[in-house]
Amino acid sequence: MRRVAVRVWLAILLLTSSLAVAAPVKNGFDLDGALVAPEAVESGGPPKDGIPALDHPTFVSAGDAGFSE
């Protein structure tokens, strides 16, 4: 009887584990619940968290900014 119970338990385990589907992930982003199909999303640009944070930015006044000259 115990053998039958083990086989039934194993069969249930195999069937339920094959039904579990992982959420689609692309380029580090979880696309579960996305409004577009995951296969329509194209990789491009830096990966998730690929742009470093500005920890200590330097500020200048508008008059001292040289890029507009």
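Which numbered condition in (1) part of a loop (DSSP other than H, G, I, E, B); (2) at pLDDT 80 or above is the only one that residue 23 fails? So residue 23 meets the others, but not (2). Across the range 41-57, the qualifying residues are those that are among the hydrophobic types (A, V, I, L, M, F, W, C) and either over 24 Å from residue 25 (Cα atoms) or surrounded by 10 or more Cβ atoms within 10 Å (Cβ to Cβ) (or both), and the one among them that is nearest to the chain's Cα centre (by Cα) is 41.
The values are calculated or read from the model by the stated rules, or taken from the named source; none is laboratory data. These numbers come from a predicted model, not from an experiment. Cβ atoms come from the backbone with ideal geometry, glycine included; neighbour counts cover every protein chain shown.
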